[in-house]
Amino acid sequence: MDRYTPIFVNTSGKKCCVIGGGRVAERKIKGLLHAEAQITVISPELTPLLKQLHHESRIQWIDRSYRNGDLRGAFLVYAVTDRSEVNSTVVRDAETAGILVNDAMSSEHSNFITPSVVRRGRLSIAISTAGAGPAAAAEIRATLEQQFGDEYETYLEFLHQMRTEVKSRVSSPSLRSTLLRQLTEMNILEDIRTGHFRWWTEEEIGDWISRNQEEV
């Protein structure tokens, strides 16, 4: 794991190839769909779910085995067949072309890995156990899912709205930072959890910014 840099990569609108059409491919494709990638699956067989996604035009399907040249134009590739020699060929071709590639059979042969992720709207928490095992990652993910409930989606949408308003109304960067820090010190999360939260009106936002600017 020391050779990996944790980052979030924008795949929206980018061509992403998945070589293989089984259950592992399903998991990878679900993540890519969430990230709005343009997905091409190359495999002589697909699971029923992937066939349905193809029928709905949510993924492109090339109905055959992998061939050299199939990665042309790809931003990112998953090699998820059940044949190690095919995956190794995909990895070699991708690395030659300078494309990000993940071998589902071997993280050692991958130049990126896909962590387990907890999502709550704008919040994404990535989990990796550095090869300790999927069961450990699943256990940690379950704990985090309980700790960070659906209230965080509303909370972060509120913070995003307020950050946008503060940036448009306050010119001083230092004052903006102070106001945004004050927001995180309020009991917004608790109000959401107890059902007492309501979205602020434009007038209430303006009053809060004006009042807190005077107190800084």
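The values are calculated or read from the model by the stated rules, or taken from the named source; none is laboratory data. Note that the structure is predicted; figures quoted are calculated from it, not measured. FYI the Cβ positions are ideal-geometry reconstructions off the backbone, even for glycines, and counts take in every protein chain you see. Areas reflect the complete protein model, heavy atoms only, side chains present, ligands, DNA and RNA absent. Shrake-Rupley method; radii C 1.70, N 1.55, O 1.52, S 1.80 Å.
Among the residues of the range 98-106, at least one is at pLDDT 95 or above and either open to solvent by 40 Å² or more (accessible area, probe 1.4 Å) or farther than 21 Å from ILE7 by Cβ (or both). Filter the range 107-138 down to the residues that are under 20 Å from ARG3 (Cα atoms), open to solvent by less than 50 Å² (accessible area, probe 1.4 Å), at pLDDT 85 or above and of a type in the set (S, T, N, Q) and list them by number. SER110, SER116 - these are the residues of the range 107-138 that are under 20 Å from ARG3 (Cα atoms), open to solvent by less than 50 Å² (accessible area, probe 1.4 Å), at pLDDT 85 or above and of a type in the set (S, T, N, Q). Mind checking which pairs have a first residue in the range 147-169 that is under 17 Å from ARG119 (Cα atoms) and a second that is exposed (fewer than 15 other Cβ atoms within 10 Å of the Cβ) and among the basic types (Lys, Arg), Cβ under 6 Å, 6 or more apart or different chains? Every condition considered, the pairs that remain are LEU156/ARG122. May I ask you to verify whether THR81 is part of a loop (DSSP other than H, G, I, E, B), of a type in the set (S, T, N, Q), within 24 Å of ILE113 (Cβ to Cβ) and open to solvent by less than 70 Å² (accessible area, probe 1.4 Å)? Here the answer is yes, as THR81 does meet what is asked. Output the number of residues of the range 33-56 satisfying the condition of being surrounded by 13 or more Cβ atoms within 10 Å (Cβ to Cβ), part of a helix (DSSP H, G or I) and either in contact (Cβ under 8 Å) with a residue 40 or more places away in the chain or over 19 Å from the mean Cα position of the chain (by Cα) (or both). Qualifying residue count, the range 33-56: 5.
The sole residue among ARG176, ARG163 that is closer than 14 Å to TRP208 by Cβ and under 25 Å from the mean Cα position of the chain (by Cα) is ARG163.
Each row is one residue, and each column tells you yes or no for (1) in a helix (DSSP H, G or I); (2) closer than 19 Å to ARG120 by Cα.
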| site | (1), (2) |
| --- | --- |
| TYR155 | yes, yes |
| GLN161 | yes, yes |
| VAL166 | yes, no |
| LEU183 | yes, no |
| PHE197 | no, yes |
| ILE205 | yes, no |
| SER210 | yes, no |
| GLU214 | yes, no |
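Examine the range 95-102 for a residue that is under 18 Å from THR40 (Cβ atoms) and assigned to a helix (DSSP H, G or I), and state whether such a residue exists. Yes, that holds for at least one residue.
Of the residues making up the range 187-216, just one is at pLDDT 90 or above, farther than 21 Å from GLU151 by Cβ and of a type in the set (A, V, I, L, M), namely ILE209.
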